[in-house]
Amino acid sequence: MSQNKTKNWIVGIVALVVVVAVGIGAYKGRNTNITPSETSPSAITADKGEKTSEGTDDKKLLEIRTWTRKDCTLAPWLVTDKLGYFKEEGVKLVFTGEIQPNQRIPSIINGNNDVGSAHPNFMLVARAGGAKIRGVIREGIEPDEKVDPKFRHMWWFVNPKKHPNIKSFADLKNIKGKLKFSIITNNSCSDFLANTLADKYGIPRDKIEWVTMPDIQAVQAVKQGLVDVAGVHPPFYKGMEDAGQRKIADTFETGLGETAGLTYYYFTDDFIKKNPEAVKGFIRAVKKGQKWANANPDQAAKWTEEAIGVPVTGNHYYAEDATIIESQIDPWLKDLENSGVIPKGKIKPSDLITHEFEKVGNQ
């Protein structure tokens, strides 16, 4: 990335953080001010047989707000709410509406939302640009080889009719000219993980041309030949296979281990300082929800499918403890530094997270 592009990116992030005042109406989407459980028709939980927060007296609960999710990121929020874990911890989680990826961190900074989740690189760019956000517990991780591959963070596909000789990611180096890859947004898992595989197999990064689109559009885009490679998340693996597309790699192949699927739940420094008990309650609740989701993947997938209206055969895989491992941030940070997005030494892994809640979260 050129120096001018780097400067423009950093300036853009700072502007995004500081000049967020586009008004509340600019960021609110569908399904505003409801709990995650209310996004799904099923109001009764499975094994626990409890009522969800819907229709209960929530006056004594502390409201924590976040944007509405209609994709693979919904599952842990939905499961935790449906099983009553938020309520047990004195928390009422409220969805405030769908917003675009580049509006999410600003919505946290300006107070329209309280908590978000993201990959380290997205958070690192924002933190380097002045956003005072901090990860408090891990959300997603890449599972090991013992776990069904459908829970791996991403799969990459090609259209076998367009590229009949491409059977693996390494084969992409045999294609002449540029390769169009789908990407949800810049400095996300999509480019970091695809670039990691490209480096591994000696494919020059400048051979890749990124085409921005949500995963649901990537299914049609690769089928129609609008992109050469589509990298998608669950629940879109099945859609790709049903459309006859060929899987050429998944995130386990990066060799990054848990780091390949790493995401954090984050709050602002100010929210953490003013509401430590709320953060503790949130952490205890989602940790229980994530353990349940890993142990009950079929039910978690069913609830997610009901809520987002897309067939779901698997969700992500989630961390089951509250321990934060700073070294897992290093690959994401080094990639940003080597690409010139963040100046080397400007930010450290410890700037992005806090270990303050590990003890209470692991009790």
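No lab work stands behind these numbers, since they all come straight from the coordinates. No experiment lies behind these values; they were computed from the predicted model shown. We place every Cβ from the backbone using ideal geometry, glycine too, and count neighbours over all the protein chains shown.
If you line up the long axis of helix 276-295 against the longest principal axis of the chain, both from Cα atoms, how many degrees apart are they, to the nearest 10?
Result, in degrees: 60.
Pull out a ≥ b ≥ c, the square roots of the eigenvalues of the alpha-carbon gyration tensor of the stretch 149-255, then state rounded if a/c is under 1.5, prolate if not and a/b is larger than b/c, and oblate in the remaining case.
Numbers: a/c = 1.27, a/b = 1.12, b/c = 1.14.
It comes out rounded by the Cα gyration axes.
By counting other Cβ atoms within 10 Å of each Cβ, how are 189, 72 ranked from fewest to most? Could you put the intermediate results ahead of the total?
Working: 189 26, 72 23.
Ascending number of Cβ neighbours within 10 Å: 72, 189.
Kindly express, to the nearest 10 degrees and within the range 0 to 90, the angle between helix 297-308's C-alpha long axis and the longest C-alpha principal axis of the chain.
For helix 297-308, the angle is close to 90 degrees.
Going down the list 273/334; 161/207; 132/348, which pairs span over 18 Å between their C-alpha atoms?
Exceeds cut-off: 273/334; 161/207.
Would you please give the residues with an amide H less than 5 Å from that of residue 139, counting only those at least 5 places away or on a separate chain, with H modeled from the backbone geometry?
For residue 139, whose amide H was placed from the backbone, the distant partners under 5 Å are 263, 264, 265.
Roughly how many whole Å is it from the C-alpha centroid of the stretch 297-359 to that of the stretch 67-129?
12
Work out the FRET efficiency for residue 269 and residue 167 from their Cβ-Cβ distance, taking R0 = 41 Å, and round it to the nearest 0.05.
0.30
Tell me which residues come under 5 Å, amide H to amide H, from residue 34 once H is placed; ignore anything under 5 positions away on its chain.
Under 5 Å from the amide H of residue 34 lie the amide H atoms of 95, each far enough along the sequence or on another chain.
Which whole-number percent is the relative contact order of the chain (Cα, under 8 Å, 6+ apart)?
26
Going down the list 180/247; 92/302; 87/359; 60/92; 70/302; 167/223, which pairs span over 18 Å between their C-alpha atoms?
Details: 180/247 16 Å; 92/302 23 Å; 87/359 21 Å; 60/92 9 Å; 70/302 14 Å; 167/223 16 Å.
In this structure, 92/302; 87/359 lie more than 18 Å apart at Cα.
Whole-Hz Karplus ³J(HN,Hα) for the stretch 67-80, in order, using 6.51 cos²θ - 1.76 cosθ + 1.60 and θ = phi - 60°, x for Gly and Pro?
Computed from phi, the couplings for the stretch 67-80 are 6, 6, 10, 10, 8, 5, 7, 5, 3, x, 5, 5, 4, 4 Hz.
Remind me, relative contact order of the stretch 263-363 in percent, using alpha carbon pairs under 8 angstrom and six or more residues apart?
Relative contact order comes out at 30 percent.
Taking Cα Rg over 2.2 N^0.38 Å straight from the coordinates, which label in [x] 0.97; [y] 1.14; [z] 1.05 is the correct one?
This structure yields the entry labelled [x].
Could you state the number of Å between the C-alpha centres of the stretch 230-283 and the stretch 150-204?
18
So who's got an amide H within less than 5 Å of the one on residue 91, skipping anything under 5 residues away but keeping other chains? H placed 1.01 Å off N, in plane.
Under 5 Å from the amide H of residue 91: 62.
Rounded to a whole number, what is D in µm²/s for the stretch 61-180 from Stokes-Einstein with the Kirkwood radius over alpha-carbon pairs (25 °C, 0.890 mPa s)?
Details: Rh = 17.7 Å.
Rounded to a whole number, D works out at 138 µm²/s.
Going toward the positive end of the dipole of the chain, with +1 on Lys and Arg Cβ and -1 on Asp and Glu Cβ, which of 117, 203, 68 do you reach last?
The residue sitting farthest along the positive end of the dipole is 203.
For residue 224 paired with residue 344, estimate the spin-label separation in nm (one decimal), with each label point 7 Å from Cα along the Cα-to-Cβ line.
Result: 4.4 nm between the two label points.
Quick one: 145, 326, fewest Cβ neighbours within 10 Å first, how do they rank?
Listed from fewest to most nearby Cβ atoms, that is 145, 326.
Run the quick spin-label model on residue 100 and residue 247: label points 7 Å from Cα toward the beta carbon, then report their separation in nm to one decimal.
Reported label-point gap for residue 100 and residue 247 is 3.3 nm.
Order these peptides, 73-82, 91-100, 278-287, by their mean beta-carbon neighbour count within 10 angstrom, highest first.
73-82, 278-287, 91-100
Add -39500 (n - 2.57) for each DSSP H run of 4 or more in the chain, then divide by its residues: what number comes out at 222 nm, to the nearest 500 deg cm²/dmol? Each step should come with its number before you reach the end.
Details: 13 runs with 124 residues, N = 363.
Roughly -10000 deg cm²/dmol at 222 nm, from the helical runs in the chain.
Whole-Hz Karplus ³J(HN,Hα) for the stretch 172-179, in order, using 6.51 cos²θ - 1.76 cosθ + 1.60 and θ = phi - 60°, x for Gly and Pro?
Each residue of the stretch 172-179 in turn: 4, 5, 7, 7, 7, x, 6, 10 Hz.
Defining a contact as two alpha carbons under 8 Å apart and six or more residues distant in sequence, what relative contact order in percent does the stretch 115-245 show?
Once divided by the residue count of the stretch 115-245, the mean separation gives 31 percent.
Given 216, 324, 33, which one lies farthest toward the positive end of the charge dipole of the chain, if we put +1 on the Cβ of every Lys and Arg and -1 on the Cβ of every Asp and Glu?
Projecting each Cα onto the dipole axis, the largest value belongs to 216.
State the extension gain, in nm to one decimal, for the chain segment bounded by residue 323 and residue 302, taking 0.36 nm per residue of separation less the distance between their alpha-carbons.
Result: 4.7 nm gained on full extension.
Name the residues of the stretch 283-314 whose amide N is less than 20 Å from a point 7 angstrom out from the Cα of residue 356 along the C-beta direction?
Answer for this model: 283-287.
Can you work out the Karplus-derived ³J(HN,Hα) for every residue in the stretch 197-213? Use 6.51 cos²θ - 1.76 cosθ + 1.60 with θ = phi - 60°, whole Hz, and x for glycine or proline.
So the Karplus estimates, Gly and Pro as x, are 5, 4, 4, 4, 9, x, 9, x, 5, 6, 7, 8, 10, 8, 10, 7, 5 Hz.
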